[in-house]
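Report on the structure given below.
The values are calculated or read from the model by the stated rules, or taken from the named source; none is laboratory data. All of these numbers come straight from a predicted model, not from anything done at the bench. Neighbour counts run over all protein chains shown; Cβ positions are idealised from the backbone, glycine included. Calculation scope for accessible area: heavy atoms of the full protein, side chains included, ligands and nucleic acids excluded. Shrake-Rupley method; radii C 1.70, N 1.55, O 1.52, S 1.80 Å.
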Amino acid sequence: MRIFLTGATGFIGSALVPELIQAGHQVIGMTRSDEGARKLLAVGAEVHRGTLEDPDSLRRGAMLAEGVIHTAFDHDFSRFVENCDKDRCVIEALGSALEGSDRPLLITSGTGMGSPASGQTATEDIFNIDHPNPRSASELAGAQLLAAGINVSVVRLPQVHDTLKQGLITPLISIAREKRVSAYVGEGRNRWPAGHLLDVARLYRMALEKRESGARYHAVGEEGVEARVIAEAIGRGLNVSVISVSREEAKAHFGWMGMFADMDFPASSAQTQARLGWHPTGPSLIEDLTAMRYDESGQ
C-alpha cells in the first residue's frame, strides 16, 4: 500500500516508517525541513513537503496515497487547547482528500477518551464526548468524517516510551532534574497507561492494514503504572529524593504538568488485542526508565 504519513520524522513516525517499509508498504513522509527530508530518504521513504498549518499541503499528500496515517501533533502544551483545535482542522483536511473512496485514514487520540469517568478503565468501545481533555476534538473530527462515509479509524495512545522519551513522563524528568526532587501527588496511587514505541508502531501498521472503518484501538502494553512507582524510578535514575506533594502544591511544583500529575486514567487494550491479534512484547515503562541515561545528553 502507498501510505501518506504525517509526523514521519517525529518520535512515533521515526519508528513507524521502517515498520511500514519492512512490511512491504511504500511511505510518503511529510516534513517541513531539509533535515527531515534527508532522514526520510535515508530510510527509503518518499518526501512530501508540508506543514500542519497548510491544509493544501495535507490534501496534496493524502491524494497521492492509498491510505493515510496521521501521527503529527504540536506538543506545545502552553497552547494545548489551540493545538487540539489545529489537529481537528488537520483531520478535516486529510479527510476531504479521501471523499468518494474507501481509502483508510488512521488518526491519533489519547486513551483517556475511552474512560467513562475519572479512575475508570478506558476501553475501546467508549468515546466519552464529555471528557475534559480537549484532545476529544480529534475524535469528534473523525466521527464527522465517518458520518460522511470516509473510512476513519483511531489509535489511542498511552505514555509511549523507549529509553529516550516517555510521553508526559519526559517533562516530569526535566522537572525532577531542575528541582532535585522527584515528586508525586498525594499517595501516588493514580495510574498512567503505557506502551513501548515499537509495539505502538506495529499497532499503527496492523490497524491500517485492517481497514476497519470506525474502529478504535488502544496502544496499551500496561494498563496502569502508579505515579509513585514512576517517581521512584526517576528518583533512582537522577539520584534525587522522592517526595509527595499535596494537590494544592501540585501546580506550583509541576507547572503546566500540574494538570496531569494526579490524573488517574488506566486503560485496557483487551479489545484491540482480540481484534487485531496484536500483543505487546516490548520492555515495560519502568524497565525503560531504569535503562535510560539521565545525563543531559541522554534526555
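So the values come out like this:
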{"item": "For GLY67, residues with placed amide H under 5 Å, excluding near neighbours", "result": "ARG2, PHE4"}
{"item": "Distance-filtered residues of segment 88-112 - backbone nitrogen under 16 Å, label point 7 angstrom along ASP56 Cα→Cβ", "result": "93-94, 97"}
{"item": "In nm, spacing of pseudo-spin labels at SER284 and GLU187 (7 Å Cα→C-beta vector)", "result": "2.0 nm"}
{"item": "Degrees, to the nearest 10: 136-147 long Cα axis against longest axis of the chain", "result": "20 degrees"}
{"item": "Simple label model, 7 Å out from Cα along Cβ direction - LEU64 to ARG79, nm", "result": "2.6 nm"}
{"item": "Candidate values (1) 32, 21, 18; (2) 39, 21, 16; (3) 44, 23, 17, label of the one derived for semi-axes √(5λ) of the Cα gyration tensor in Å", "result": "(1)"}
{"item": "Apportionment of accessible area to carbon and sulfur, the chain, percent (1.4 Å)", "result": "50 percent"}
{"item": "Alpha-carbon centroids, segment 196-246 and segment 63-119: separation in whole Å", "result": "19 Å"}
{"item": "The chain: antiparallel DSSP beta bridges as a percent of all, rounded to 5", "result": "10 percent"}
{"item": "Other-chain or far-sequence residues with amide H under 5 Å of SER109's (modelled H)", "result": "VAL155, ARG156, LEU157"}
{"item": "MRE, 222 nm, helices only [DSSP H, n ≥ 4, -39500 (n - 2.57), over the chain, to nearest 500]", "result": "-12000 deg cm²/dmol"}
{"item": "Crossing angle, helix 169-179 versus the chain [Cα axis fit, 0-90 degrees, rounded to tens]", "result": "40 degrees"}
{"item": "Förster-model FRET efficiency, 30 Å R0, LEU41 and SER174, C-beta, rounded to 0.05", "result": "0.40"}
{"item": "Segment 94-248, relative contact order in percent, only Cα pairs under 8 angstrom and at least six apart counted", "result": "27 percent"}
{"item": "Whole-number accessible area per residue in Å² for the chain, which is evaluated in the context of all protein chains at 1.4 Å", "result": "43 Å²"}
